[in-house]
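The values are calculated or read from the model by the stated rules, or taken from the named source; none is laboratory data. These figures come from a predicted structure and were not determined experimentally. Cβ coordinates were reconstructed from backbone atoms using ideal geometry, including for glycine residues, and neighbour counts include every protein chain displayed.
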Amino acid sequence: MSHENITFTVEDGVGLLTFNRPKALNALNPKTLEEVDAVLDSIRRDDSARVLVLTGAGDKAFVAGADISEFPSMNPLQARLFAEKGQNVFFALEQLSAPVIACVNGYALGGGCELAMSCDFIYASDKARFGQPEINLGIIPGFGGTQRLTRLVGRAKAKELCMTGAMLDAHEALALGLVARVFPAEELLAETMKVARQLAGRSRVALRAIKQVIDRGADSDLKTGCFLEAEAFGVSFASTDAKEGAQAFLEKRKPQFTGSLSQ
Ligand code: COA
């Protein structure tokens, strides 16, 4: 499948989706969202990508937001539909069975920050910058930023960031818990791919369960979250990979996980 605004390759069980509009700092227009949606569809249908990594082309930006050049021609209803489209694509990303890592190589602003926050975790280059600068355009975040940022950094910091439009550097984002790890720019992709390949060799049933239980549990009370955990623990226990994991431990050898979804 060839795309205009992104590239997508799969190697060693890891899908690499690169936002590729460097002249617009990889800003998200409706066509780019359609292309991401199509890739997510293909990952759901064909399980060759067991882990997905998102990054941006060029050395300046991950994604510098929604494409502002589209805004003057949008009426309020079209703006609402554009926000819903972005939100739906980001929900699809969040709900993918496979782990998704944001490999943030530069600016992750507006829709770019919202995109990164829809991934399971964020690895950032020491040159990365995060923020929700929509206030500078007289608007508010529209692709889930007010909600996911609040859940990640708390209400007061989320309000401060959305109200001032201030940018965070990678280390500030790390201190806030927005970013999981920071790497020197030249090592970021290689280090991210190393972890992605490691996850591609892990039990798919267990990875999916971790993702689902943490995401759904975080939106529930503790008892409901623990109930979901016990249910998913039972499901993971029944997998072929769980049997192999215990057997390998007892035989003092490395487990050979197959990633099979069967029991
Ligand atoms: N949408 C459309 N085009 C964008 C864009 C966006 N979100 N962000 C950057 N671009 C374009 C610029 O218009 C410029 O195009 P040009 O070369 O044709 O003039 C090109 O990308 C380079 O950007 P520029 O502003 O010249 O780079 P810079 O290094 O001076 O600044 C940023 C980088 C990221 C700070 C700045 O581009 C910016 O503030 N972008 C908008 C971020 C934003 O508000 N995002 C939320 C949108 S809702």
Cβ-Cβ under 7 Å, sequence separation 6+ or interchain: first residue in the range 58-78 and more than 7 Å from the ligand (Cβ to nearest atom), partner aromatic (Phe, Trp, Tyr) and part of a helix (DSSP H, G or I). Which pairs? MET74/PHE82
How many residues, within the range 176-185, are under 18 Å from ARG148 (Cβ atoms) and more than 16 Å from the chain's Cα centre (by Cα)? 1
Among residues of the range 153-185, those that are assigned to a helix (DSSP H, G or I) and closer than 19 Å to GLU134 by Cα, counted: 12
Surrounded by 20 or more Cβ atoms within 10 Å (Cβ to Cβ), away from the ligand (no atom under 16 Å from the Cβ) and modelled with pLDDT of 95 or more: is that true of LEU188 in this structure? yes
Only one of LEU178, LEU161 that is of a type outside the set (D, E, K, R), modelled with pLDDT of 95 or more and under 13 Å from ALA124 (Cα atoms): LEU178
Kindly provide the set of residues from the range 113-147 that are within 15 Å of the chain's Cα centre (by Cα) and within 15 Å of the ligand (Cβ to nearest atom), ordered by number. CYS113, GLU114, LEU115, ALA116, MET117, PHE130, PHE143, GLY144, GLY145
In the range 191-227, anything part of a loop (DSSP other than H, G, I, E, B), modelled with pLDDT of 95 or more and acidic (Asp, Glu) is listed as ASP221
Of those in the range 1-42 that are touching a residue at least 40 places away in the same chain (Cβ under 8 Å) and of a type in the set (Val, Ile, Thr), the residue surrounded by the fewest Cβ atoms within 10 Å (Cβ to Cβ) is THR7
Return the residues of the range 43-62 that are within 30 Å of THR258 (Cα to Cα), surrounded by 15 or more Cβ atoms within 10 Å (Cβ to Cβ) and either of a type outside the set (Lys, Arg) or not assigned by TED's automatic domain parsing to the domain that holds ALA170 (or both); say none if nothing qualifies. ILE43, ALA49, VAL51, LEU52, VAL53, LEU54, THR55
